[in-house]
1. Tell me the carbon and sulfur percent of the accessible area for the chain, rounded to whole percent, probe radius 1.4 Å.
2. Please compute the contact order of the stretch 294-406 in relative form: average sequence separation of alpha-carbon pairs under 8 Å and at least six residues apart, divided by the residue count, as a percent.
3. Which whole-number percentage describes the relative contact order of the stretch 433-592, with Cα contacts under 8 Å and a sequence gap of 6 or more?
4. Keeping all protein chains in place and using 1.4 angstrom, which order do Asp550, Asp380 fall into by accessible surface area, from largest down?
5. Could you give the spread of the C-alpha atoms of the stretch 106-252 along their three principal axes, from largest to smallest, in whole angstroms?
6. What distance in nm separates the two pseudo spin-label positions at Thr450 and Arg100, each 7 Å out from Cα along the beta-carbon direction?
7. Using 16 Å as the cut-off for backbone N distance, which residues of the stretch 307-329 belong to the label zone defined by a point 7 Å from the Cα of Thr343 along Cα→Cβ?
8. Run the helix sum for the chain: -39,500 (n - 2.57) per DSSP H stretch of 4+ residues, divided by residue count, reported at 222 nm to the nearest 500 deg cm²/dmol.
Amino acid sequence: MNQFFKHIILLFLFNATYNYAQISPGDLTNAHAKYEGMSNCTLCHDLGKKVSNTKCLDCHKEIKALITQKKGYHSSTEVKSNDCFKCHSEHHGRKFEMVRFDEKKFKHDITGYKLDGKHVVIDCKKCHVSDNIKNVELKKRPNTFLGLDSKCLSCHDDYHQKTLSTNDCASCHNTEKFKPAAKFDHNKTDYKLKGKHETVDCKKCHEISKKNGKDFQKFNGIPFNDCKSCHNNPHNEKINVACTQCHTEESFTLFKGRGKFNHNSTNFTLKGKHQSIDCFACHTKTTSPKLIFQDRINVEETNCISCHKDNHEGKFGNDCAKCHNESGFTSLKTMEFFDHKLTDYPLEGMHEKVDCKKCHEKGKFSEALNFSTCISCHEDYHRGEFKKNELTPDCKECHSLENGFKYSLFTVEQHQKSKFPLDGAHVATPCFSCHVSEPEKRWTFRNKGTKCVDCHKDLHENYIPEKFYPDKKCESCHTNETWASVKFDHNKTKWPLEGKHLDTDCKACHFKNKDKTGKYIQKFTKLESSCLTCHESKHGDQFAINGVTDCVRCHILNSWAPEKFDHNTTAFRLEGKHADVACNKCHIPQEDKTNSRFNYKIPKHLCIDCHH
């Protein structure tokens, strides 16, 4: 019985093996060997269909991630539309290479990283090694092409050992060769190369040394603010200014110091003409850097004759700077030290403040000047107004050196001896009010005239009759004390003044309202003599006789009081208590549109008309 079951089991195993061999096309590769067996077919295959790309990517998540990110070979348009099994077929045996291609014909551009320069000829295995892969899982896969970075330092050592400000190797280098850095532009650095520096070997400034056991060339942190940071001072430390003040990068022997060298750094400051003179006009030319410009070190700035000829032949000593300056030999100083009393013309007053060159215009102080009169130097401001017998009096008769020309010594007492003695307000009037010509803005003293109208405008011209104003003599009415003081005798007219009229200002009667130009309208002739011509009638027409009100019937000229009025001549005589009653108790004012008027024409005189 046991023997029978053994045969049955052997027959079943034989049939199963035979049937699987009929379904599977072959063994899986070593990579997929763990999925061998009929129960695992659907891990890659859809029932009755081809291998599914989706199921491939479910396992190969690293490829799926790259496709999703649109990176790498499998995301390219040439590859992503193909089925996975087109390149990676299975069931060809355990040792079948699923990843196989002709490396020499492979288009590396499809991966997203174009090969150029040395990268074109280098063996793939030089780059695609586990040492260059960061991902730990990918690193375990033998012969994988995944996991590389496109950055240079992911494959190459950092020659600069993190001393530069950027890790972008491609900004300086290309893929043809590391040295020299073909894309590096020194002019984009803080130190642009000029002249001889352009041809100097980099190693002269950027020396090669050892750092961390490796060759290292320093490119950062090199001082360049001063030439002496790299070069020795050939002047033996005797000239310690910036080298660029005299030299250029073209050649050390090419001198460019004129106008650039700061001579103030020496003990001899250049001023005036010294600033524009050629350096070798003072210094001896020599090719020795240790001797150049050292021949005048101990010369003091004030020792002019050490270089210049003494034109005065020692007569004034060796202190040239006392009179001269560096602007030019004839450009002299103020000469304040000079004692002019030693000459025939001692300086006094305002002359002491005058610049020497104002008188000594030619700059030759030894040349004699004519100083016999003021006009020998000064222009006659008065243009000959004071000439007598063709001789001009000296200015000192009216002016002094102490106070200057604008101050006059001419006194009021002297003016009283002239053709126009001063009196009244004229004594206090400033001189320029009469003696300054408005058109020329200058002082004049001749032909000024003695009449008022020669200086003052005639306000009454064509207004006052000549008999009251003969020959336009203002003094007929006015005095020199003040224009407002009038002394005119009104009794000479047809209307002598009396009472309050004697105290009234002339303008109140003779000056009316202003015209369009703003001038007062004057009237001195054909004036009416009736009171109402000037005064307003407070009574209206109550006392008019034949249409005319004669104020003087009741009033006097000394005051407005009606001293001439007699109430007993009216229809109501004042008797008893009525004689003591105030006028306005009975004559009550009546208001109208213009003013108040008293009613003096009371028609009723019975007691009950006023008393209740």
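1. Working: 26820 of 48810 Å².
C and S atoms contribute 55 percent here.
2. Result for the stretch 294-406 is 18 percent.
3. Working: 99 pairs, mean separation 18.7, N = 160.
Rounded, it is 12 percent for the stretch 433-592.
4. Solvent-accessible surface, decreasing: Asp550, Asp380.
5. 71, 31, 20
6. With each label placed 7 Å out from Cα toward Cβ, I get 14.8 nm.
7. 323
8. Values: 13 runs with 79 residues, N = 612.
Using -39500 (n - 2.57) per qualifying helix, the result is -3000 deg cm²/dmol.
The values are calculated or read from the model by the stated rules, or taken from the named source; none is laboratory data. All of these numbers come straight from a predicted model, not from anything done at the bench. Reconstructed Cβ throughout: ideal geometry from the backbone, glycine too, with neighbour counts over all protein chains shown. Only protein heavy atoms, including side chains, enter the accessible area calculation; ligands, DNA and RNA are left aside. Shrake-Rupley method; radii C 1.70, N 1.55, O 1.52, S 1.80 Å.
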